[in-house]
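A.B. asks: Before we start, here is the structure in question, set down as structure tokens.
The values are calculated or read from the model by the stated rules, or taken from the named source; none is laboratory data. Predicted, not measured: the structure shown is a model, and the values here were computed from it. Reconstructed Cβ throughout: ideal geometry from the backbone, glycine too, with neighbour counts over all protein chains shown. Calculation scope for accessible area: heavy atoms of the full protein, side chains included, ligands and nucleic acids excluded. Shrake-Rupley method; radii C 1.70, N 1.55, O 1.52, S 1.80 Å.
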Amino acid sequence: MNTTLPDPALPDPVVLAIPAFIALAALEVLLARWRGMDAYELKDTAASLLMGLVNLVQGLLFAGLVWAALQACYAVRLFDLPFNAWTWLALLFAEDLAYYWFHRLSHEHRIWWAAHVNHHSSQHYNLSTALRQTWTGNLALTWIVWLPLALLGFPPALIVFQKGVSLVYQFWIHTEQLRRLPRWLEWLFNTPSHHRVHHATNPAYLDRNYAGIFIIWDRLFGTFAAERDDEPCRYGIVKNLGSFNPLVIACHEWIEIGRDLAQARNWRERFGYLFGPPGWAPDGRGRTAADIRAEAAPKPVSDHTAFR
């Protein structure tokens, strides 16, 4: 079997998938109306589409910098991996692991959450939500998570291609129109059910299911939560914006960080506001995702009740 890939100048999977994106979104609208579901809101959808368009433009502006960084790491690579299908198969899992950690860090550290929060800001969950992408992720250097892949020896063109494949895969899981897939698929892959949990603000679901393509990383690292029929997902963020203005959606958390830094009293507090978890406060009165989960957890029954 010839396992050599045809050309290092691989196509952009996202561009190729645009017709499919449009067709699937149209199908989702029809399905939702047929089922009597209020899946779309015009202003919300328009905001998501504009967020996606600007994300595409800023991605092109930063492409040279990111490519140069990948090439610099590849120049001192640890291994010479051939540009073939076996290397791509290994990269399929390696890039997905990198995505998991990028995604998890983007929820656990406020400076990256500020770049990622816009993706969670919609209170609707539909295919247009997948397009509600960051305007500031490249400025926040979130792309550095993928540099070790080039250092290991994966060709930069293949890394960029696989990142596109992952992005295309994650489009279709932003829907409520598919409930559960066969059990083996739900065990191995990220699915609409798993990703609904990720977008939910229910305490039991907060900061869970960071997967890109494979849900196995969440199972391995203890961040998996299954969707429950008795716990319907509530979408949005802990403090919803109440605005469809794309500038507010893209920048609100950066503005809040600026306000917190301006009133910080020392470098410890500045560090906490930047790199601590979202909701952190120096006096301990903040409400992080861990705090919210703990507040909602069932309280153990005290032993002394047995002697009443």
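A.B. asks: In Å², and per residue, what accessible area does the chain have when probed at 1.4 Å with the other protein chains present?
C.D. replies: Accessible area per residue: 53 Å².
A.B. asks: With unit charges on the beta carbon (Lys/Arg positive, Asp/Glu negative), name the residue among N209, L220, P182 whose Cα is farthest towards the positive pole of the charge dipole of segment 178-226.
C.D. replies: With unit charges placed on the Cβ atoms, the residue in question is P182.
A.B. asks: Report the paramagnetic label zone for V238: residues of segment 93-124 whose backbone N is under 16 Å from a point 7 Å from Cα along the Cα-to-Cβ axis.
C.D. replies: Counting backbone N atoms under 16 Å from the label point, the list is 105-118, 120-121.
A.B. asks: Let me ask another. Helix hunt in the chain: which complete DSSP H runs extend at least 24 Å axially by C-alpha with mean Kyte-Doolittle at least -0.5?
C.D. replies: Taking the DSSP H segments of the chain (at least 24 Å long, mean hydropathy at least -0.5), we get 13-34, 42-75, 85-108, 246-263.
A.B. asks: Within the accessible area of the chain, what % is carbon and sulfur when the probe is 1.4 Å and the other protein chains stay in place?
C.D. replies: Within the chain, the accessible surface is 67 percent carbon and sulfur.
A.B. asks: If you stretched the chain out fully between W34 and A85, how much longer would it get, using 0.36 nm times the residue separation minus the C-alpha to C-alpha distance?
C.D. replies: So the chain would gain 14.1 nm between W34 and A85.
A.B. asks: Rounded to the nearest 20 debye, what is the charge dipole size of segment 161-283 about its Cα centre when +1 sits on each Lys and Arg Cβ and -1 on each Asp and Glu Cβ?
C.D. replies: Result for segment 161-283 is approximately 200 debye, rounded to the nearest 20.
A.B. asks: For the chain, with the dipole built from +1 on Lys and Arg beta-carbon atoms and -1 on Asp and Glu ones, taken about the Cα centre, which of P82, P282, F154 lies farthest toward the positive end?
C.D. replies: Result: P282.
A.B. asks: Follow-up question, since we're still on this one. Provide the FRET efficiency to the nearest 0.05 for the V248-A20 pair, computing r from the beta carbons and using R0 = 35 Å.
C.D. replies: Once the sixth-power term is evaluated, E becomes 0.70.
A.B. asks: With a bin width of 20 angstrom, please list the P(r) values of the chain as percents of all Cα-Cα pairs, from the 0 bin to the one holding the largest distance.
C.D. replies: In order of increasing distance, the bins hold 29, 57, 13, 1 percent.
A.B. asks: Using a simple charge model, +1 on the beta-carbon of Lys and Arg, -1 on the beta-carbon of Asp and Glu, nothing else, what dipole does segment 31-142 show about its Cα centre, in debye to the nearest 20?
C.D. replies: My answer is approximately 180 debye.
A.B. asks: Another one. So if I place +1 on the C-beta of Lys and Arg and -1 on the C-beta of Asp and Glu, and nothing else carries charge, what would the dipole magnitude of the chain be about its Cα centre? I want it in debye, nearest 20.
C.D. replies: Value, rounded to 20: 480 debye.
A.B. asks: Stretched out fully, how many nm does the piece from A46 to R270 gain, at 0.36 nm a residue minus the Cα gap?
C.D. replies: Residue separation times 0.36 nm, minus the Cα-Cα distance, leaves 77.1 nm.
A.B. asks: Determine the shape class of segment 88-138: with a ≥ b ≥ c the square roots of the Cα gyration tensor eigenvalues, call it rounded for a/c under 1.5, and otherwise prolate if a/b is greater than b/c, oblate otherwise.
C.D. replies: Oblate, because a/c is 1.5 or more while a/b does not exceed b/c.
A.B. asks: For E256 and Q71, compute 0.36 nm times the residue count separating them, minus their Cα-Cα distance, and round to one decimal in nm.
C.D. replies: That works out to 63.1 nm of additional length.
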